[in-house]
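Rule-based calculations on the coordinates, nothing more; no lab input. All values derive from a computational prediction rather than experimental measurement. Don't worry about glycine lacking a Cβ; one is built from the backbone with ideal geometry, like all the others, and counts go over all protein chains shown.
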Amino acid sequence: MAWKNQQVFIEALEKAGELIRIRSYVNPRLEIAEITDRISKSGNGGKALLFENTGYDFPVLMNAYGSEKRMCMALGVQELDEVAREIESLFHLLSSPKESLTDKLKLLPKLGQFASWMPKVKKGRGECQEVIMQDPDISKLPVITCWPKDGGPFVTLPVIHTRDPQTKTRNVGMYRMQVFGPKLTGMHWHKHKVSARHFSEYKKLGQKMPVAVALGGDPVYAYSATAPLPDNVDEYMLAGFLRKKKVELVKCISQPDIEVPADADFVIEGYVDPADELIWEGPFGDHTGYYSLPDWYPRFHITAITHKKNPVYPATIVGIPPQEDAWLGKATERIFLAPIKMTMVPEITDMEMPVEGVFHNLVITKIRKDYAGQGQKVMNAMWGAGQMMFNKILVLAGGDDAFQQQVRLTDFLPLAQEIFRNLNPAADIYFSTGPMDVLDHSCSKTGFGGKMCIDGTRKYEEETEEGYIQGLEIFNPEKTGQQWLQQYAEIKAVNISLPAWDIPCLLVAVEKNRPGHIGELHAQLAPDAATQGIKMILYLEHTVDVNDLTSALWRFCNNLDPKRDYHLFKKNTEKGYIACMGLDGTRKTKELDNFQRDWPNIIVADDATIRAVDEKWTQLGLGPFLPSPSLKYKAQMYGEEAVVS
């Protein structure tokens, strides 16, 4: 369904019990983010928050997409899989043989629907242009500062419009914007993004690049701007398909080559000049849970700011998961499963991106397996598919019909048992290199690093290596853990819980103190008689609570470059060979790892902000007191104070 505008969506959220109005004063600098962080981590995403007293003329909407229910409301569906089923149905209808006139006539209604989804530019002005700032000044908007080490305030939910100067093709994306002055922000588009390619074309022509930024309007716009669409698909066609109504656009006031949604709350118009010097932007507390380090990005010069009467400024925060962005990612996971299955990897039956993997780090895929080598085929296809090229760890599962029917990818215990049961760590883990998300701080080179595929599918005879000894034979894991703590001073904790659940994997917290330390330690632990049958040991920083599996997995995935950081132990015995894979998920330094890049900090609130929110909590109307999530992670920051500015 189409939402008339953002205000109607807010009213619907409130009516559904999904929104809390906060009438007490809250500072957009750090306090809004701290309150939102507490609420978003309070269980099931908490509630959407409308901050009505910000010291500015405009209220701020936060966490609007931050739960499955609110994400479904934004897209106008009962469940996210509805969209995938509709895409699949359309695909089958369009691709099925049309042998008779009747078959062809059946297509006409659908073709009419396609036309009704295409965006339309209407004449005159839209709601978004009811008020035109006489002297555009972005500092008059309640742009939030999220985290204490951020470079400044950032626009965090911008729907950014650009056009290719040659083809005139529109792109709608979402890139953060650091505010540097009343009429100047950064434009943080990565080199892999379409808008960055548009910028390159304008640079070749020596022309200024018109840009417009929309905020608010139908909530489907912000989702569509984040969707991983092919370059030739208009994001507003996706928006029209999702809302079942075409998007109405209007020409900008000062940049008439760009059109924006008529129902947007705010529009910020301007240009990027390729002749300008780049600006030093960041750091910024990003969705990885770490600060992304500062770098050089283009300058965005503001030429006009317009807004509707009584607008609401929408924003979001990203940081240590779970956050609101997890549900935007979940929508993409469910919606784009259908086109991936139908066009590239038909054997996929399901896909899951756990929140601990912050989208690109960890993807679990279930496949219908019919022949030897099919896992590798899927691996290569997925790493070549759009934004899946940024995936770091791909886990494949696939077994008999009973497994397909009974085990869902969210059933992590039986899923992990099945994967490890089928895994030979010496033969079924594949390493590669390729493009990585530029926010991945573990790569030795920005935007390029190692990838790993764990093939946990049932194996055909052709895929099985002779001589591998299968089975879990650990006799006394508690004794093993205690012995290691006594024998190795650098080991600070061992999680031995997983083998008791038939998952032959251990987590070990290590305080590294010399080059090559993890490799040497793994060569000592893996041959230990008590660990026979253990297939994998994950090594983490000594400050990490290895018994908190969610937190440990998040830290591990962020800090691992698989191809660089693996240590395989393989030993021949009279019965065959045993193997144990060690993966180094500790932080990397120049001194101990010859790692030449800066290592970023974990994102936590500062003590002053935590105290300020604690003191005003009873005035906010948010229910029982919630302590700051940052308190859990402050203890884990020891030794991680790298340069971030």
(request) Name the residues whose placed amide hydrogens come within less than 5 Å of the amide hydrogen of residue 457, ignoring near sequence neighbours (fewer than 5 apart) on the same chain. (result) 398
(message) I need the peptides 274-285, 128-139 ranked by packing, meaning the mean over residues of other C-beta atoms within 10 angstrom, with the highest value on top.
(response) 274-285, 128-139
(request) Only Cα pairs under 8 Å and at least 6 apart count here; give the relative contact order of the range 477-593 as a rounded whole percent. (result) 25 percent
(message) Could you derive backbone 3J(HN,Hα) for the range 351-362 from the dihedral phi with the Karplus parameters 6.51, -1.76 and 1.60 (θ = phi - 60°), listing whole Hz in sequence and x where the residue is Gly or Pro?
(response) 8, 9, 10, x, 4, 5, x, 6, 6, 7, 6, 9
(request) Quick one: which residues, 5 or more positions from residue 492 or on another chain, have an amide H under 5 Å from its amide H? H modelled 1.01 Å from N in the peptide plane, none for Pro or chain starts. (result) 509, 510, 511
(request) List the residues whose amide H sits under 5 Å from the amide H of residue 449, counting only those 5 or more places along or on another chain, with H placed 1.01 Å from N in the peptide plane. (result) 434, 436
(message) So if each residue of separation counts as 0.36 nm, and I subtract the Cα-Cα distance between residue 606 and residue 570, what length gain in nm does that give?
(response) 8.3 nm
(message) With 10 angstrom as the radius, rank 564, 555 by how many other C-beta atoms surround their C-beta, starting from the fewest.
(response) 564, 555
(request) Would you mind classifying the range 351-489 by shape? Square roots of the alpha carbon gyration tensor eigenvalues, ordered a ≥ b ≥ c; an a/c under 1.5 is rounded, otherwise it is prolate if a/b is larger than b/c and oblate if not. (result) oblate
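Determine the relative contact order of the chain: mean sequence separation of Cα pairs under 8 Å and six or more apart, normalised by residue count, in whole percent.
Dividing the mean separation by the residue count of the chain yields 13 percent.
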(request) Please sort 394-404, 480-490 by packing, taking for each peptide the average over its residues of neighbouring beta carbons within 10 angstrom, highest first. (result) 394-404, 480-490
(message) Spelling out what I want: for every residue of the range 430-436, take phi, set θ = phi - 60°, compute 6.51 cos²θ - 1.76 cosθ + 1.60 (Karplus), and round to whole Hz; glycine and proline get x.
(response) 10, 10, 8, 10, x, x, 10
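Give me the percent of DSSP beta bridges within the chain that run antiparallel, rounded to the nearest 5.
Around 65 percent of the beta bridges assigned by DSSP in the chain are antiparallel ones.
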(request) Could you state the angle between the C-alpha long axis of helix 607-616 and the longest principal axis of the C-alpha atoms of the chain, as a value from 0 to 90 degrees rounded to the nearest 10? (result) 60 degrees
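Return the FRET efficiency for the residue pair residue 592, residue 468: r is the Cβ-Cβ distance, R0 is 25 Å, and the value is rounded to the nearest 0.05. Working shown, then result.
Numbers: r = 33 Å, r/R0 = 1.32.
Computed FRET efficiency for residue 592 and residue 468 comes out at 0.15.
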(request) Order these peptides, 213-223, 174-184, 356-366, by their mean beta-carbon neighbour count within 10 angstrom, highest first. (result) 213-223, 356-366, 174-184
(request) Calculate how steeply helix 374-383 sits against the longest principal axis of the alpha-carbon atoms of the chain, using the helix alpha-carbon long axis, and give the answer as 0 to 90 degrees to the nearest 10. (result) 40 degrees
(request) Sticking with the crude label model, points 7 Å out along Cα→Cβ, report the distance from residue 405 to residue 257 in nm, one decimal please. (result) 6.0 nm
(request) For the range 586-601, just list the computed ³J(HN,Hα) in residue order, Karplus coefficients 6.51, -1.76 and 1.60, θ = phi - 60°, integers in Hz, with x standing in for Gly and Pro. (result) 7, 5, 10, 10, 5, 5, 9, 10, 6, 8, 8, 8, 5, 9, x, 7
(request) With a ≥ b ≥ c taken as the square roots of the eigenvalues of the C-alpha gyration tensor of the range 332-393, please select rounded if a/c is under 1.5 and otherwise prolate if a/b is larger than b/c or oblate if it is not? (result) prolate
(message) How high is the relative contact order of the range 343-463? Use alpha-carbon pairs under 8 Å, at least six apart in sequence, and give a whole percent.
(response) 27 percent
(request) Would you list which lysines come within 29 Å of residue 616, measuring only between C-alpha atoms, while excluding same-chain residues fewer than 8 positions from it? (result) 15, 41, 47, 69, 140, 149, 632, 634
(message) Between 0 and 90 degrees, rounded to the nearest ten: what's the tilt of helix 6-15 against the longest Cα principal axis of the chain?
(response) 60 degrees
(request) Any chance you could run the full-extension gain for residue 203 through residue 368? It's 0.36 nm times the residue separation minus the Cα-Cα distance, nm to one decimal. (result) 54.7 nm
